[in-house]
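The values are calculated or read from the model by the stated rules, or taken from the named source; none is laboratory data. Please read all numbers here as calculations on a predicted model, not as lab measurements. Please note: Cβ atoms are built from the backbone with ideal geometry, for glycine as well, and neighbour counts cover all protein chains shown.
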Amino acid sequence: MSLSDSIRAAGVVGAGGAGFPAHVKAAARVDTVVANGAECEPLIHKDVELIQRHAREIVDGVKLLMASTQAGKGIIGLKEKNTKALQAVRAAVDDPRISVFPLGDFYPSGDEYVLVFEATGRLIPPGGIPLDVGVVVNNVETLYNITRAARGTPVTEKMVTVAGAVREPVSFFAPVGMSFQDAIAVAGGTSVKDVAVIAGGLMMGTLQRDLGGPITKTCAGLIVLPLDHHLVQRKGTPEQSTHRIGKSACDQCSYCTELCPRYVLGYDVQPHKVMRSLGFTTTGEEFWNQYASLCCACGLCTLYACPESLFPKEACDRSKLAMKKSGVEWSGRREVIPHPMYEGRRTPLRQLMKRLGVVQYDASAHFRTVSPDVSRVVIPLAQHIGSPATPVVRAGERVHVGQVIGEIPERTLGARIHSSIEGVVTRCDQEVVIEKA
């Protein structure tokens, strides 16, 4: 069985948040494999903890992917400040073709456009992907899962960090489908009464008020915040309101553009011009929306750069969706030249945390070996890029850990889904609910 087939069988997807089925990348042909261990989301530490304890499996994953893609070079990127992780991965590297690239402590150092440029000096073409410059990028946890897949072990658990307003910030392996409530209990419960959860990360994650929601293969962690925290209010603002506020208050200062990481890297992303389109009906709207096409949705413009606390990122989201529905493709300039202030306009992570008002929650969230007593999991059949998996179990059926419960539809992009606990299927529709008998 090829590595691509093993990865497909194990249901491995991008564990950094994107959820792209990893077997597709393993079938590509490139010259360089880059491991993304940048982990730039504030308060999330799961990648660092994983590297410290499983550096060998991550390095093995790089070597497996290099062999599969015929790459002659491997680069492992992680932040220079994470000295223990750096020591662990350097000790595990036993192949002269693989190097370790220390990154600065800035946001978003994990954006693949930024990471590829930092690690290789190559600039991905506008609207392109790393494959266009001969590179495959995978999160370090994805590579860990690739090594396990090569050994016949499917993805049934997810490394997560639970931090914020909890008693004991922690990183641990959670069964896929474990509820937010159960994961927070592993962290000792909340430290305040009324809370909300941002799943996936403060910058790019989503606000969740229902603590019964499930951890998926792409969830990097849960950040628990008091219900009255300004980030909860910001992320909870209805879409229509974000656009109305922007339409009435944006003074075109352009800070959102000047601090945009894609803009300073040389791409024609200009959120302040996208904000103009909020006041248009159809005349000129397509032109101004073009400036959103290359936005990576990092959230820096909305949560850090804008002095008026407006929502440029959300305007870009709206513009990209509108263009997609209309079939409008990006047609801007192709030349990419990094801004003269590229390095000077990086956003230090510590400064970002101050702006977000979360410095008091900055803790290591050390790894803990736990065996969560999970009596029920809710496993979505759509937790990856592509088509949802097709259920292959029925209500009332007993399943075991690692059993396939969702299969990839024929001739579609997708990923297999496996049971994360032993129990009985009690519901099977867009989600498979399994309860211990």
Pick from region 412-422 the residues that are touching a strand residue (DSSP E or B) at 6+ places or on another chain (Cβ under 9 Å) and farther than 17 Å from Ser6 by Cα: which of them is surrounded by the fewest Cβ atoms within 10 Å (Cβ to Cβ)?
Glu422
Kindly list, by first and then second residue, each pair from a residue in region 1-29 that is on the phi > 0 side of the Ramachandran plot to a residue that is acidic (Asp, Glu) and surrounded by fewer than 22 Cβ atoms within 10 Å (Cβ to Cβ), limited to pairs with Cβ atoms under 8 Å and residues at least 6 apart or on different chains.
none
Identity of the residue in region 383-415, in contact with an Asp or Glu (Cβ under 9 Å, 6 or more places away or on another chain) and of a type in the set (Gly, Ala, Ser), that ends up nearest to Asp182 (Cα to Cα):
Ala389
Does region 47-59 contain at least one residue that is surrounded by 24 or more Cβ atoms within 10 Å (Cβ to Cβ) and touching a Leu at 6+ places or on another chain (Cβ under 6 Å)?
yes
Do we find a residue being in a loop (DSSP other than H, G, I, E, B), at positive phi, surrounded by fewer than 17 Cβ atoms within 10 Å (Cβ to Cβ) and at pLDDT below 95 anywhere in region 388-411?
yes
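Do the conditions hold for Asp111, that is, is it buried (at least 19 other Cβ atoms within 10 Å of the Cβ), among the charged types (D, E, K, R) and under 26 Å from Met204 (Cα atoms)?
Working: buried (at least 19 other Cβ atoms within 10 Å of the Cβ): yes; among the charged types (D, E, K, R): yes; under 26 Å from Met204 (Cα atoms): yes.
Taking the combined requirement at face value, the residue satisfies it.
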Among the numbered criteria (1) within 25 Å of Lys354 (Cα to Cα); (2) in the same structural domain as Ala322 (by TED's automatic domain parsing); (3) modelled with pLDDT of 95 or more, which one does Gly266 miss?
(1)
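Within region 362-374, is even one residue among the β-branched types (Val, Ile, Thr) and surrounded by 15 or more Cβ atoms within 10 Å (Cβ to Cβ)? Spell out the reasoning first.
Of all residues in region 362-374, those among the β-branched types (Val, Ile, Thr) come to 369-370, 374.
In the following step, the residues that additionally are surrounded by 15 or more Cβ atoms within 10 Å (Cβ to Cβ) were identified as 374.
Yes, that holds for at least one residue.
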Has region 190-205 got any residue that is surrounded by fewer than 19 Cβ atoms within 10 Å (Cβ to Cβ) and free of Cβ contacts under 8 Å to residues at least 12 places away in the same chain?
yes
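When you scan region 87-112, how many residues do you find that are more than 12 Å from Asn36 (Cβ to Cβ) and of a type in the set (Ser, Thr, Tyr)? Step through it out loud before you land on a result.
Here is the first cut: in region 87-112, the residues more than 12 Å from Asn36 (Cβ to Cβ) are 87-100, 102, 104-107.
Next, from what is left, pick out any that are of a type in the set (Ser, Thr, Tyr): 99, 107.
Matching residues across region 87-112 total 2.
Do we find a residue being surrounded by 23 or more Cβ atoms within 10 Å (Cβ to Cβ) and in contact with a helix residue (DSSP H, G or I) (Cβ under 8 Å, 6 or more places away or on another chain) anywhere in region 233-246? Talk me through it step by step, then tell me what you get.
Just the residues of region 233-246 that are surrounded by 23 or more Cβ atoms within 10 Å (Cβ to Cβ), to begin with: 246.
Next, from what is left, pick out any that are in contact with a helix residue (DSSP H, G or I) (Cβ under 8 Å, 6 or more places away or on another chain): 246.
Within region 233-246, one or more residues are surrounded by 23 or more Cβ atoms within 10 Å (Cβ to Cβ) and in contact with a helix residue (DSSP H, G or I) (Cβ under 8 Å, 6 or more places away or on another chain).
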Which ones in region 134-153 are closer than 14 Å to Lys25 by Cβ and outside any loop (DSSP other than H, G, I, E, B)?
Val135, Val136, Val137, Asn138, Asn139, Thr142, Leu143, Asn145, Ile146, Ala149
Can you find a residue in region 252-260 that is in contact with a strand residue (DSSP E or B) (Cβ under 6 Å, 6 or more places away or on another chain) and part of a loop (DSSP other than H, G, I, E, B)?
no
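Identify all residues within region 316-338 that are under 27 Å from Thr242 (Cβ atoms) and not hydrophobic (A, V, I, L, M, F, W, C); write none if there are none.
Going through region 316-338, the residues under 27 Å from Thr242 (Cβ atoms) turn out to be 316-332.
Within region 316-338, Asp317, Arg318, Ser319, Lys320, Lys324, Lys325, Ser326, Gly327, Glu329, Ser331, Gly332 qualify.
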Glu314 is checked against (1) surrounded by fewer than 18 Cβ atoms within 10 Å (Cβ to Cβ); (2) in contact (Cβ under 8 Å) with a residue 40 or more places away in the chain and fails just one. What number does that condition carry?
(1)
